[in-house]
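The values are calculated or read from the model by the stated rules, or taken from the named source; none is laboratory data. Owing to the predicted nature of the structure, the values given are computational and were not obtained by experimental measurement. Every residue, glycine among them, receives a Cβ derived from its backbone with ideal geometry; neighbour counts consider all protein chains shown.
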Amino acid sequence: MRSAAGVPRGDGREPDSRTVRDAGPLGGGGDRKGDAAVMTREQYRLLREIVYEHSGLSFGEDMLYVVERRLAPRLQIHGLPDFAAYHRFLRYDPGSRAEIEAAIEALTTHETYFYREPLQLQAFVEEVLPLLARENARQRRLRIWSAGCATGEEVYTIAILIERSGLFAGWDVDVFGSDISRRVLAVARAGAYGPHAFRNGESEALRPWFRAEGGKFHVRDEIRRLASFGHMNLLDPGATRRLPVVDAVFCRNVMIYLDLPARKRVLGMFHEGLREGGYLLLGHAESLLHITTDFEIVHLRHDLVYRKPFASL
């Protein structure tokens, strides 16, 4: 994530004392401040319910002002007078699915860069990849899934590390990146990045797999061939079940934005999608403690990861 597909943390904006946000009937029109619609607390509750139903993203009570600011342009696009009308449109209009995706897009951030969390990547290269190379030697196939890949830096980082390891020459390799945002997936597929994406010092080692052109760094074809991307909502079981079984899942800094029920659903889906002995790599701020016992902890030299246990004989 990256702060992958993340919910903003808040902007410290103080409430406007001139605005009575709790006034009006249930889901009523709300007040207006200047020319801008103001979101009442009841409208905020109704709208965040819709966002949660479709994405699992959970917004706290303190996020009303951020949500209001980020969704206000959507009202203007559709010519709607207030957030009550916007809620009715999202809830009842037959064509609202595309707008719900647009609303989720407006509410999420996609901050990432190359070679994020280097100790975990070092453990992946030095310990996980050699294990996968031995275990998959017969079929010579490797499948890695980056869930919540944002603009693709994680996918290309993993692909470069696999290529650079030399363990998988001539193999069928696919590093698949998924995200709920179609916009960031378009960036990922283009594979062209500015210097800021390489701000982590360790990412300099990846530069040979890029070519400089037009002020950007473009992923070389030999790496692009190892990567693929697709639109996916992690809470949509129909979408995730169409994926092939994978050897490892990267889902870093995504679940911190989900509530407990949504986390359990996503982890259950990862467990289903991983082969026995497959690895789950989370962000350093994330843990499975008190969430699920479906995975076992593997202590590596540089980090710890989770693994789907082999079935008991």
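Within the group GLY273, GLY238, which residue is under 29 Å from PHE59 (Cα atoms) and exposed (fewer than 13 other Cβ atoms within 10 Å of the Cβ)? Residue meeting the stated conditions: GLY238.
Under 26 Å from ASN136 (Cβ atoms), assigned to a loop (DSSP other than H, G, I, E, B) and of a type in the set (Asp, Glu) - does that describe any residue in the range 284-293?
Initially, the range 284-293 is screened for residues under 26 Å from ASN136 (Cβ atoms), giving 288, 292.
Those still in the list that are assigned to a loop (DSSP other than H, G, I, E, B) too: 288, 292.
Within this subset, residues satisfying the condition of being of a type in the set (Asp, Glu) are none.
There is no residue in the range 284-293 that is under 26 Å from ASN136 (Cβ atoms), assigned to a loop (DSSP other than H, G, I, E, B) and of a type in the set (Asp, Glu).
Only one entry of ILE162, ILE158 meets the criterion of being β-branched (Val, Ile, Thr), closer than 20 Å to GLU202 by Cβ, in contact with a Ser or Thr (Cβ under 9 Å, 6 or more places away or on another chain) and in a helix (DSSP H, G or I), and that entry is ILE158.
Residues to consider are VAL128, VAL155; find the one that is in contact with a Cys (Cβ under 6 Å, 6 or more places away or on another chain) and assigned by TED's automatic domain parsing to the domain that holds ALA227.
Being in contact with a Cys (Cβ under 6 Å, 6 or more places away or on another chain) and assigned by TED's automatic domain parsing to the domain that holds ALA227 holds for just one of VAL128, VAL155, which is VAL155.
Within this structure, THR157 passes the test of being closer than 16 Å to ALA227 by Cα and buried (at least 18 other Cβ atoms within 10 Å of the Cβ).
All conditions in (1) more than 22 Å from SER58 (Cα to Cα); (2) of a type outside the set (A, V, I, L, M, F, W, C); (3) in a helix (DSSP H, G or I) hold for GLY268, with the sole exception of (1). Within the range 175-188, being in contact with a helix residue (DSSP H, G or I) (Cβ under 9 Å, 6 or more places away or on another chain) and either modelled with pLDDT of 95 or more or surrounded by fewer than 17 Cβ atoms within 10 Å (Cβ to Cβ) (or both) holds for VAL175, PHE176, GLY177, SER178, ARG182, ARG183, ALA188.
Of all the residues that make up the range 80-95, how many are surrounded by fewer than 16 Cβ atoms within 10 Å (Cβ to Cβ), in a loop (DSSP other than H, G, I, E, B) and at pLDDT 90 or above? Summing the residues that are surrounded by fewer than 16 Cβ atoms within 10 Å (Cβ to Cβ), in a loop (DSSP other than H, G, I, E, B) and at pLDDT 90 or above in the range 80-95 gives 3.
Residues that are acidic (Asp, Glu) and closer than 12 Å to PHE124 by Cβ within the range 293-313 comprise just one, ASP303. Residue check: is ASP221 closer than 25 Å to GLU127 by Cβ, modelled with pLDDT of 95 or more and acidic (Asp, Glu)? Considered against the rule, which asks whether it is closer than 25 Å to GLU127 by Cβ, modelled with pLDDT of 95 or more and acidic (Asp, Glu), ASP221 comes out as no.
I'd like to know if the range 110-120 contains one or more residues that are buried (at least 19 other Cβ atoms within 10 Å of the Cβ), farther than 25 Å from ASP247 by Cβ and of a type outside the set (Lys, Arg). Before the answer, list the steps.
First, pick out the residues of the range 110-120 that are buried (at least 19 other Cβ atoms within 10 Å of the Cβ): 110, 112, 114-117, 120.
Of the ones still in play, those that are also farther than 25 Å from ASP247 by Cβ are 110.
Within this subset, residues satisfying the condition of being of a type outside the set (Lys, Arg) are 110.
Checked the range 110-120: at least one residue is buried (at least 19 other Cβ atoms within 10 Å of the Cβ), farther than 25 Å from ASP247 by Cβ and of a type outside the set (Lys, Arg).
Considering (1) under 27 Å from ALA137 (Cα atoms); (2) of a type outside the set (A, V, I, L, M, F, W, C); (3) within 22 Å of the chain's Cα centre (by Cα); (4) not in a strand (DSSP E or B), the lone condition that ASN253 does not fulfil carries the number (1).
The single residue among ASP236, ASP259 that is acidic (Asp, Glu) and within 15 Å of ILE291 (Cα to Cα) turns out to be ASP259. Candidates MET269, MET255: the one that is modelled with pLDDT under 90, assigned by TED's automatic domain parsing to the domain that holds TRP209 and of a type in the set (A, V, I, L, M) is MET255.
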